[in-house]
Each structure stands twice: as structure tokens, then as C-alpha cells.
2 protein chains.
Amino acid sequence: MQFSTSEENHIKAIYHLQHTGDVVTTNEVAGRLQTKAASVTDMLKKLKNKGLLNYEPYQGFTLSKEGKKLALNIVRKHRLWEYFLVNHLQFGWDEVHEIAEELEHINSPLLIEKLDAFLQFPRFDPHGDPIPDSNGKMEISKQVNLTDLDTDLKAEVSAVGSQSSELLELLRHKKIAIGTILKVVKKFGFDNSIEIKVEKNAPFTISQQLAQTLFVKPL
Amino acid sequence: MQFSTSEENHIKAIYHLQHTGDVVTTNEVAGRLQTKAASVTDMLKKLKNKGLLNYEPYQGFTLSKEGKKLALNIVRKHRLWEYFLVNHLQFGWDEVHEIAEELEHINSPLLIEKLDAFLQFPRFDPHGDPIPDSNGKMEISKQVNLTDLDTDLKAEVSAVGSQSSELLELLRHKKIAIGTILKVVKKFGFDNSIEIKVEKNAPFTISQQLAQTLFVKPL
DNA sequence: AAAATAATTTAGATTTGTCTAAAATAATAT
DNA sequence: ATATTATTTTAGACAAATCTAAATTATTTT
């Protein structure tokens, strides 16, 4: 079955809202999509009819199995495109959301398969969020951007936001790789640089730009 | 100004129809877009109001300056995406049209600039059609695919449909490059291979796959 | 040049997605 | 437990994009 952009946006909003708090409410969706509660109700009825939603009036709602599958596919497309935009088109990771919001509605399973292969099956997008595979499966453990890691918390480097040769050279020089255990010693507000300590070595400082491309899993 | 997908599709159809025959008619557009003449008339009025069309009822119509600019931008996006799909995602050149029809409506000038740079500013798409630059300028001389070149007609190799290292290796080995003068000696229907003659050398045969990636300008 | 045919436009309807205002239901406070 | 407040749904309207059928204009034929 085929879905409109608006239907897809509602499904995606419900998916994200379901993650925090179990049952989703009309107002939550309206808030997220910058629309009115009445419009959401209209859409809920349609989505229920299409089998994407468990919905009884006034009772809140959740995605059905089919709805979840659709949501994961949209999320997959969104995150793959973000990965492409950042790692191949040289966008900053903070500039890609809007564009991915459009690209995620392009409807071609083959395109997404081939894009996934071209990108070499990345498992995390540039924000550190996991990318569902074609069956909707994805890594559970949420990684966080190094800039968001609390001070003194040990964490393991789990992904880098780009594959550029300049970045890889820098990481090699600093002896940072996937699997490296580190912690943040201090954050400097002036330039958002961060002092980190890798294993038992002496602490050193890295720039905001570098920290932003590193993702870690708190241990 | 922003335009709907439907508006853009009408503008693009009119652009293409204008190329053959000067003034465009309602029925032509309806035929091309698989819609009804009445629907086209409705759209014509809207496009005229937006300044994209020179249109008087019953008199046919043409694109205004603004309309032409918009059309060229859509064509540019379409062809850049086709180039990407064929040369980076390994699509066949005959599989990409539908997908590019969707991608061409993504609205982000920066995306297209960056895509263009990533592709290294290609001047022809995988079908041999010229790609307008950001000012709408493009090569005039239409190149043709080598598979479509008439026998015994001298032509100059003007573009290759892909930049893959395997292809470049093969071309180096066969001593074919941009600027090479050649002619088709014979076409073999069995496997669509083609016998060509490069300058004064002995003729040799190339596969259909290779011929399809080569574009030439008849001299 | 009048009649017949073809093309185009208009009028009015339909679908999708949205809205406002009012009604119905649920949650909260006293 | 009832009144008040908040949330959700319904009813009815609107804009965009399309359609069918009828009316209008242009073109072609004789």
C-alpha cells in the first residue's frame, strides 16, 4: 500500500512519541506536527481504517504492527539520507534534518537498498541514532554525541560521524578509534573544546568540531 | 516563490513540448501528463497568475522568462539525480527516470549545489542530455549514445556515462578517450555489440554495455 | 461560407488535507 | 460528588487538484 506524505508524517510523529510514554495523545501529535488537534483526529480515523493504528476515540492510540513497520521504514530512509548528506555531500550534521524530512518520502525500495549499499550499511546516523535495517531491526544501545557526554562518565567510542580521510588521519594521530574507552575531564564553554582522558594516558583537549563527529556509548 | 509538485510537472511538460513546435497546446500537455484537458486549463490559469506562462485562452501558450528559469532548474535537478543514481548507486540508465521524477521536486538549492560538486559538475546525464548549470546554461550540441549513432557517420566521443575505475581502465586499454574520433562500422543484432573504427586503426568490436556508456557528437 | 468536427474552456462536483467553532468526554479540583 | 477545566471529537467550511459534462471557440471539410 502507498501512503501520502501527510500520513507518513503522522505515523512518524506517533512512532517518536511512543518512545517516551506508552500511549500517544492527540495534542502531542498536533504539537509535534504544528497542526490542530481536530486535524489530527481526522487523520487518526484514516490511519485506523488503513490498519496502521490501534485507536479508540478519547482513549489515546498506538501504532499497530503494520504502523510500526511503516514508521521504521521512514526512519530508516531519513537516517540513511542524513548519513549521505553529511558523509558524502559535506553537510554539517546540524543542517541535514530539513532536507532529510523531504527525502524520506521518496518512494523506491530499490533506491534505499542501493543507497544503503553505497553507504556501506551504516548503523548510526550523524546524530548517533541507530539506522533500522530493511527488516526494521536496529541497535538498541543508544549512543550519544561526545559533546553531550557527562563529565567523568566512562564511555566507549562507538561511531564516527564521517569517513573523511582528514578525520581519519586526525583520529589516528590522537589514537582514538572505535572501541577506545575515554571520559570527559572538562568542558570549556569559550570554544566548546573538551578535555578528554583516554585510558591511562595524560588528558588532552579536542576541538568542538572533532567532538561533534564522535559518538560514544556510556558504560 | 515555492511551487507544488503538480505545478512543477506542468511547467516541465510545457518546457519539453516547446522544444518541438513553438506554441504548446492544452491537449499536448494533457497527453504528456496523463490527465484531462480541463485539468490542464485550470492549471494554466494558475501558472499564468504566478507569472510563469504567456497564455491567452484558446491561443496556446509558452513559458515566460520566469517559467523557463523554473523549468531549467527542474531539468537540472532531474538530470543531476539521474547521474548520481547511475554513476554512484549502480542503477542502469534505463531504470532511473521514475525515481528522478520524484527526486527532482526536493526543494533545497544548497542540496543541489553540493550534489553537483560531489558529482564533479557533470555536463551530460546518463542518457546524453545536457545538464543545465545553476544559471540555466547548458551545452547546445546534443550528443547521442553510441548505440544510436548511424553506421559510417564520423563522431567525436564527448562524454562517458560513468566514472568507475573499471570503465576507465577498459577505455584506456581500448585507447578511447574524450575527443577520440570514431565511426560505427557494423552493428550486430545478436548481442548488440558494435564494431567501431578509431581514426586510422583497424576496426574492433565493443560490447553493448560499453557502447551504452559512451556518448558522441556527430561531426 | 456554412456545416461538421476538434480543441478548449467553463460550470459544477469530488477527494484530500486542513481549519474554526461547538459539542462531547475525560480529568482535576474543591 | 459535583463543578470546573482540559482534551478530544464532530460538524461544517475551505483550498488545491482533479474530474465529467456542457458550452464555447477554432479548425477543417465540403
Sparse-neighbour loop sites [trypsin sites (Lys or Arg not before Pro); the range A:71-168; at most 10 other C-beta within 10 Å; DSSP]: A:Lys137
Calculated on alpha-carbon atoms, Rg and Dmax of the range B:1-110 in Å: 14.6, 46
Leading residue at positive end of dipole, the protein assembly as shown (Cβ point charges), from B:Trp93, A:Leu214, B:Gln18: A:Leu214
Nm distances between copies for A:Pro57, ranked from closest, using label points 7 Å along Cα→Cβ: 4.6
Charge tally in the Cβ shell below 15 Å around B:Pro122, where Lys, Arg are +1 and Asp, Glu are -1, B:Pro122 excluded: -1
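Using 0.36 nm per residue, how much length does the chain from B:Leu119 to B:Asp133 gain when fully extended, once their Cα-Cα distance is taken away?
Contour length minus Cα-Cα distance gives 3.8 nm.
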FRET efficiency, B:Asp94 to A:Ala37 (Cβ-Cβ, R0 45 Å, nearest 0.05): 0.40
Reciprocal mean inverse distance between Cα atoms of the protein assembly as shown - Kirkwood radius, Å: 25.5 Å
Per principal axis, descending, Cα span of the range A:112-219 in whole Å: 43, 28, 26
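Based on Cα coordinates alone, diagonalise the gyration tensor for the range A:107-153, multiply each eigenvalue by 5, take square roots, and list the semi-axes in whole Å, largest first. If you can, show how the numbers build up before the last one.
Values: eigenvalues 153, 24, 11 Å².
Each semi-axis is the square root of five times an eigenvalue, giving 28, 11, 7 Å.
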Helical mean residue ellipticity (222 nm; -39500 (n - 2.57) per DSSP H run of 4+; nearest 500) of chain B: -12500 deg cm²/dmol
Alpha-carbon Rg with Dmax, taken over chain B, Å: 19.9, 61
Normalised contact order of chain B, rounded percent, pairs of Cα under 8 Å and 6 or more residues apart: 15 percent
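If you build the convex hull over the alpha carbons only and average its shadow over all orientations, what do you get for the range B:136-181? Give it in nm² to one decimal.
On the way: hull surface 17.1 nm².
Taking a quarter of the hull surface, the average projection is 4.3 nm².
Just need the relative contact order of the range A:60-161 here, percent rounded to a whole number, with Cα pairs under 8 Å and 6+ apart.
Values: 93 pairs, mean separation 29.6, N = 102.
Relative contact order here is 29 percent.
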Shortest-first nm distances, A:Leu153 label point to equivalent points in other copies (7 Å, Cα→Cβ): 6.8
For A:Phe61, residues with placed amide H under 5 Å, excluding near neighbours: A:Val24
Virtual spin-label span in nm between A:Thr151 and B:Val23, 7 Å along Cα→Cβ: 7.7 nm
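List the chymotrypsin sites (Phe, Trp or Tyr not before Pro) within the range A:17-98 that DSSP assigns to loop and that have no more than 13 neighbouring Cβ atoms inside 10 Å. Before the final figure, lay out each step's value.
Values: sites: A:Tyr55, A:Tyr58, A:Phe61, A:Trp81, A:Tyr83, A:Phe84, A:Phe91, A:Trp93; in loops: A:Tyr58, A:Phe91, A:Trp93.
Counting only loop positions with at most 13 other Cβ atoms within 10 Å, the chymotrypsin sites (Phe, Trp or Tyr not before Pro) in the range A:17-98 are A:Tyr58.
Out of all Cα-Cα pairs in the range A:156-219, roughly what percent, to the nearest whole number, are more than 14 Å apart?
Numbers: 1133 of 2016 pairs.
For the range A:156-219, the share of Cα pairs beyond 14 Å comes to 56 percent.
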Euclidean distance of C-alpha centroids, the range B:105-136 and the range B:166-219, integer Å: 27 Å
Per-copy distances of the B:His16 label point, shortest first, in nm (7 angstrom along Cα→Cβ): 3.6
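Here, each number is a calculation from the coordinates, and none is a lab measurement. Because the structure is predicted, anything quoted here is derived from the model rather than measured. Cβ atoms come from the backbone with ideal geometry, glycine included; neighbour counts cover every protein chain shown.
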